[in-house]
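**Student:** My structure is below; once you've seen it, I'll send some questions.
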Amino acid sequence: MPVVVVIGGQWGDEGKGRVVDFHSRYCSVIARYSAGNNAGHTIMNDQGKFALHLVPAGIFRGDKAAIIGHGCVIDPAKLLEEIAMLTERGVSVARLMVSQGAHIIMPWHPIIDRADETLRGGAAIGTTGTGTGPAFHDKVSRIGIRVADLLDREVFAQKLRAALEYKNRVLTSLYGLPALEFDAIYREYLEYGQRLRPFVADTMAYVQEADERGEMILLEGAQGALLDLDTGTYPFVTSSVPASVAAGGAIGIGLGPTAIQRVVGVYKSYQTRVGNGPMPTEMFGAEADEIREGGGGVAGTAEYGATTGRARRIGWFDGVLARYTARLNGVTSVALTRLDTLSHAERIKICVAYEVDGNRVMALPATLAAMERAQPVYEDLPGWQADVTHARSLGDLPIEARQYVRRIEQIIGAPIDMISVGPERDQAIVTRDIFGASLT
């Protein structure tokens, strides 16, 4: 059976969680392979509305293994809070597994994250301040602390002393901040280790063995491809290693690249972004506010970050970037979300090219300066101005909505097999399953 990767095709917040939740019914293993609690998924199902930041969205299928892979960084306090929240609400975490090789967000990471943003001033990236980036910095610098280290008192003490000596110099000398105390951190994180111990496992071996048995595995990406460190809108990108693209899925969970046979790209019917950086199709004022507050969709689907609560920037669908990320990820199937949100609009725009310094381009500009000068070239399509939340087949959609969907499909160059028309599990039009088999 193939391994399927679900990725975000834009700047994150595309609705990957509900797509993972829907497709997880077919799988035995659902695994998160990158990022930290700087990313968030909002899930609505028959148990209620949930905001997840570390636990894979497949946790709601109690018979599936839900894995946090070694490509993730983990804030143990936040993970334990999330586990407690799920348990209190009747969601089983019995099959949750945490990689022993995942790196830990330590107390100095959020401090440095926020202090760095202050030092950057007007050039700030707009990070979530969770410490995720600095934790990945330490991973790459080979001074990181991993989950397995918390389970060994002597090893943890040794690694903590070495790291803290260096980090305290950074905090006091560079940022003018007070030093952190060894004893308090040592006791606190040892306790976290003991509380997490029942969930810690060799997840790489587990996934590899499941793959060898022919089990269906779903790899859940975080954030969006345009935030990828290597191929995104640098420098306004994430620090996650492995990548925020499909190719990073195999690395972050411990599989060979040939295991991945399907890539589901999730795209909003418009575009959003949290944080700073270029966004050529961004709209402002009442037009943006109407979409941000839910447009013509279901109440309670406003565009505010699941992790930070920040208002998301709003833009028209950017076909240049969508085609770019589809090619980059080898997308074989598209899930188009939030179609219902556009139901209020009389006219809807799709960006099909950029004008940069008088030249028409259909690719991501090579530099940040060129990206900031890019002016969108739009196609103008009629809106449908009708409620689509009850549609369960393409034929249920107004003809204008079908035309909009088909135009996006043409631009992306991959079939749109799932269309979200609301936040609930059943508010979707699905024409093919993740293996490409027709359901119509």
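The values are calculated or read from the model by the stated rules, or taken from the named source; none is laboratory data. Note that the coordinates shown come from a computational prediction; the quantities given were computed from them, not determined experimentally. Glycine gets a Cβ as well: all are built from the backbone with ideal geometry, and neighbour counts include every protein chain shown.
**Student:** Just wondering, is there one or more residues in region 90-109 that are among the hydroxyl-bearing types (Ser, Thr, Tyr) and not in a helix (DSSP H, G or I)?
**Tutor:** Yes: one or more hits.
**Student:** Return the residues of region 415-440 that are modelled with pLDDT under 90, within 20 Å of TRP384 (Cα to Cα) and aliphatic (A, V, I, L, M); say none if nothing qualifies.
**Tutor:** Hits for region 415-440: nothing passes.
**Student:** Among the helices (runs of 4 or more DSSP H) contained in region 129-229, which hold 2 or more residues that are under 23 Å from the mean Cα position of the chain (by Cα) and over 13 Å from TRP108 (Cα atoms)?
**Tutor:** 132-140, 203-212
**Student:** If you don't mind, there's one more thing I want to ask. Cβ-Cβ under 9 Å, sequence separation 6+ or interchain: first residue in region 89-101 and touching a residue at least 60 places away in the same chain (Cβ under 8 Å), partner surrounded by 18 or more Cβ atoms within 10 Å (Cβ to Cβ) and aromatic (Phe, Trp, Tyr). Which pairs?
**Tutor:** VAL93/PHE199; LEU96/PHE199; MET97/PHE199; MET97/TYR206; VAL98/PHE199
**Student:** Among the residues of region 346-368, is any surrounded by 14 or more Cβ atoms within 10 Å (Cβ to Cβ), of a type in the set (Gly, Ala, Ser) and either at pLDDT below 95 or out of contact with any strand residue (DSSP E or B) (no Cβ under 7 Å at 6 or more places or on another chain) (or both)?
**Tutor:** no
**Student:** Which condition does THR118 not pass, out of (1) of a type in the set (Ser, Thr, Tyr); (2) closer than 24 Å to ILE68 by Cβ; (3) modelled with pLDDT under 95; (4) in a helix (DSSP H, G or I), if it passes all the others?
**Tutor:** Unmet condition: (2).
**Student:** Given the conditions (1) in the same structural domain as SER28 (by TED's automatic domain parsing); (2) farther than 20 Å from GLY17 by Cα; (3) more than 22 Å from the chain's Cα centre (by Cα); (4) of a type outside the set (Ser, Thr, Tyr), and given that ASP63 satisfies all but one, which numbered condition is not satisfied?
**Tutor:** Evaluating ASP63 over (1) in the same structural domain as SER28 (by TED's automatic domain parsing); (2) farther than 20 Å from GLY17 by Cα; (3) more than 22 Å from the chain's Cα centre (by Cα); (4) of a type outside the set (Ser, Thr, Tyr) leaves (2) as the failure.
**Student:** A further question follows. Could you check PRO280 against (1) under 25 Å from PHE22 (Cβ atoms); (2) assigned to a loop (DSSP other than H, G, I, E, B); (3) not acidic (Asp, Glu) and say which number it fails?
**Tutor:** Going through (1) under 25 Å from PHE22 (Cβ atoms); (2) assigned to a loop (DSSP other than H, G, I, E, B); (3) not acidic (Asp, Glu) one by one, PRO280 breaks only (1).
**Student:** Scan (1) surrounded by fewer than 23 Cβ atoms within 10 Å (Cβ to Cβ); (2) modelled with pLDDT under 95; (3) among the small types (Gly, Ala, Ser) for the single condition GLY101 breaks and write down its number.
**Tutor:** The one condition GLY101 does not meet is (2).
**Student:** Oh, and also: Name the pairs: first residue in region 299-326 and modelled with pLDDT of 95 or more, second residue in a loop (DSSP other than H, G, I, E, B) and surrounded by fewer than 17 Cβ atoms within 10 Å (Cβ to Cβ), Cβ to Cβ under 8 Å, at least 6 apart or on different chains?
**Tutor:** Qualifying pairs under 8 Å: VAL320/MET362; VAL320/ALA363; ARG323/MET362; ARG323/GLY413; TYR324/ALA363; ALA326/GLY413.
**Student:** Filtering region 58-77 down to residues that are assigned to a helix (DSSP H, G or I) and modelled with pLDDT under 95, which residue is nearest to MET44 (Cα to Cα)?
**Tutor:** Filtering region 58-77 for residues that are assigned to a helix (DSSP H, G or I) and modelled with pLDDT under 95, the one nearest to MET44 (Cα to Cα) comes out as PHE60.
**Student:** Kindly provide the set of residues from region 145-186 that are loosely packed, with under 12 Cβ neighbours inside 10 Å and either at pLDDT below 95 or within 23 Å of LEU119 (Cα to Cα) (or both), ordered by number.
**Tutor:** GLU165, ARG169, SER173, GLY176, PRO178, listed by residue number.
**Student:** I've got another one for you. Failed condition for ARG142, given (1) modelled with pLDDT under 95; (2) of a type in the set (D, E, K, R); (3) under 29 Å from ARG95 (Cβ atoms); (4) not assigned by TED's automatic domain parsing to the domain that holds ILE68, with all others met?
**Tutor:** (3)
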